[in-house]
1. Going through segment 189-207 one residue at a time, which ones are out of contact with any strand residue (DSSP E or B) (no Cβ under 8 Å at 6 or more places or on another chain), surrounded by 12 or more Cβ atoms within 10 Å (Cβ to Cβ) and within 17 Å of residue 25 (Cβ to Cβ)?
2. If you go through segment 70-84 one residue at a time, do you hit one that is under 27 Å from residue 180 (Cα atoms), within 15 Å of the chain's Cα centre (by Cα) and assigned to a strand (DSSP E or B)?
3. Just give me the residues in segment 1-47 being surrounded by fewer than 20 Cβ atoms within 10 Å (Cβ to Cβ), assigned to a loop (DSSP other than H, G, I, E, B) and either in contact with a strand residue (DSSP E or B) (Cβ under 6 Å, 6 or more places away or on another chain) or at pLDDT 95 or above (or both), in sequence order.
4. When you check residue 79 against the structure, is it within 27 Å of residue 118 (Cα to Cα) and at pLDDT 95 or above, yes or no?
5. Give the number of residues within segment 70-89 that are closer than 22 Å to residue 121 by Cβ and either crowded, with 16+ Cβ neighbours inside 10 Å or touching a residue at least 24 places away in the same chain (Cβ under 8 Å) (or both).
6. Using the structure shown, decide if residue 92 is more than 14 Å from the chain's Cα centre (by Cα) and over 30 Å from residue 59 (Cβ atoms).
């Protein structure tokens, strides 16, 4: 069984870029836990299910055939033989995933699936409850944060680069809504894990944040 580095934080705090950089430097497998929640959401939507209908979402999730594998240094999954990538970033999925992710049975399915990925080797896993729920015993726990305005601008730039036309103020409102849902949901709310190192990346470069995580991991190796 390998190591598990847990990197949590709110939307657009830099989790993905930092986790990918740390995984590449250490030769670990990168895992985006949010992709699996988006996968459940995408599966429900493509089956014509209303994301607000928890029972129907669970039916779509449980009736699907899920498979996990590693490709190009990252853990990915297929659903009924399809491997969604860009589909997971579409607006309808982004807007519904927080509601789907708040369903306790969805969280249980995702947590169990994420834990099983340890069979592939050492992991760098990003998410919102990795250090508190998925791998609470890991000695390598981090919580990334940044000012809300900075996070909104990061997300806005990502969307513009992807060809989306959402305005900056709309992105800010969306982030605020997601933060509220994450922090107040009954199942596994977003909190700083006990023992986690908090990193405020507002005025840090990506390289500085990656190096901060790597140095901390190596000190505990």
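The values are calculated or read from the model by the stated rules, or taken from the named source; none is laboratory data. All figures in this text were calculated on a predicted structure; none of them were measured in a lab. Neighbour counts run over all protein chains shown; Cβ positions are idealised from the backbone, glycine included.
1. 204, 206
2. The answer is no, given that none of the residues of segment 70-84 is under 27 Å from residue 180 (Cα atoms), within 15 Å of the chain's Cα centre (by Cα) and assigned to a strand (DSSP E or B).
3. Of everything in segment 1-47, those that are surrounded by fewer than 20 Cβ atoms within 10 Å (Cβ to Cβ), assigned to a loop (DSSP other than H, G, I, E, B) and either in contact with a strand residue (DSSP E or B) (Cβ under 6 Å, 6 or more places away or on another chain) or at pLDDT 95 or above (or both) turn out to be 27, 47.
4. Yes, satisfied.
5. 6
6. no
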